[in-house]
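A quick write-up on the structure given underneath.
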Amino acid sequence: MLLLLAGQDSAVQIFKVGALDRQAIVVAPKSAKPPLVFVFHGHGGNMRQAQRSFGIEGKWPEAMVVYPQGLPTKGITDPEGKLNGWQQKKGDYEDRDLAFFDAMMRSFHGKFDPKRVYVTGHSNGGRMTYLLWSERGNILAAVAPSASPAVLGIRNAKAIPAFIVAGTEDKIVPYRIQEMSINAVRRHLGTDASKGRTDGYTRLEPGADGLELGTYIFPGPHSIPKPAIEQIVAFFKRH
């Protein structure tokens, strides 16, 4: 677990979801009504690994940050479902992970700014991020999926700012698939590629009514670089 900054508390919390006890690391600042950020680990990962990898609280000390723990779930590299992960579409596993998210939101009621709720995640966690955008987008301010294809449901999702991380050498989720997802999100948000601004691997494209598409496209594998996480935090802060 990361070294906490002054004014932060961290604890593993248990959430009752039907017959299941679900867990999440919750890092809470002392300030009232902080922004709330959910971070979903990839398939085969766990909440502690996600906290070490993302470390959102170190980059945004004012935020309340939640690292949920997945359950054994079938995946591309795990057809028997022995490793932890998340449902990939609505209806999978009787929507146990959507129910988990809802339970966490109920538990945190009154402890965060309801206008500043954000979701990010890598790989299978990115897929969960897209799913939450599709199914719970009405309560989200922005999302940031990494190394994952979009779910079809975003076509009917509320248009909100999105930041997408993709590696051009990704062998797990080929970049061409991620590029198709980026184009689908661009169409959904109606952002203007001709007015985009590029700084290093980061590109920002404006849309109407404060919408924005951000991308961090880097020449690397199925991973999320530390600079990309810094860009996600900056994107969330703006929205």
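The values are calculated or read from the model by the stated rules, or taken from the named source; none is laboratory data. Just so it is clear, the model here is predicted, and its values are computed rather than measured. Note that each Cβ is placed from the backbone with ideal geometry, even for glycine, and that neighbours are counted across all protein chains shown. Quick note on the areas: whole protein, heavy atoms, side chains included, nothing else; ligands and nucleic acids left out. Shrake-Rupley method; radii C 1.70, N 1.55, O 1.52, S 1.80 Å.
Data for the structure
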read-out	value
Scan of the stretch 13-30 for residues that are open to solvent by less than 60 Å² (accessible area, probe 1.4 Å) and either closer than 15 Å to Asn46 by Cα or free of Cβ contacts under 8 Å to residues at least 60 places away in the same chain (or both), ordered by number	Arg22, Ala24, Ile25, Val26, Val27, Pro29
Residue within the stretch 167-174 that is surrounded by fewer than 19 Cβ atoms within 10 Å (Cβ to Cβ) and touching a Leu at 6+ places or on another chain (Cβ under 9 Å) present	no
Subset of the stretch 67-79 (residues that are surrounded by fewer than 24 Cβ atoms within 10 Å (Cβ to Cβ) and either within 23 Å of Pro35 (Cα to Cα) or in contact (Cβ under 8 Å) with a residue 60 or more places away in the chain (or both))	Gln69, Ile76, Thr77
Any hit, the stretch 156-163, residues being closer than 20 Å to Val27 by Cα, open to solvent by less than 50 Å² (accessible area, probe 1.4 Å), outside any strand (DSSP E or B) and in contact with a Ser or Thr (Cβ under 7 Å, 6 or more places away or on another chain)	no
Members of the stretch 82-106 that are over 14 Å from the mean Cα position of the chain (by Cα) and either of a type in the set (D, E, K, R) or on the phi > 0 side of the Ramachandran plot (or both)	Lys82, Lys89, Lys90, Gly91, Asp92, Tyr93, Glu94, Asp95, Arg96, Asp102, Arg106
Given (1) closer than 16 Å to Tyr130 by Cα; (2) open to solvent by less than 10 Å² (accessible area, probe 1.4 Å); (3) of a type in the set (Asp, Glu), index of the condition Asp95 fails	(2)
Qualifying positions in the stretch 218-233 - open to solvent by less than 50 Å² (accessible area, probe 1.4 Å) and either assigned to a strand (DSSP E or B) or out of contact with any Gly (no Cβ under 9 Å at 6 or more places or on another chain) (or both)	Phe218, Ala228, Val233
Per-region count, the stretch 44-65, residues buried (at least 24 other Cβ atoms within 10 Å of the Cβ) and in contact with a Phe, Trp or Tyr (Cβ under 9 Å, 6 or more places away or on another chain)	6
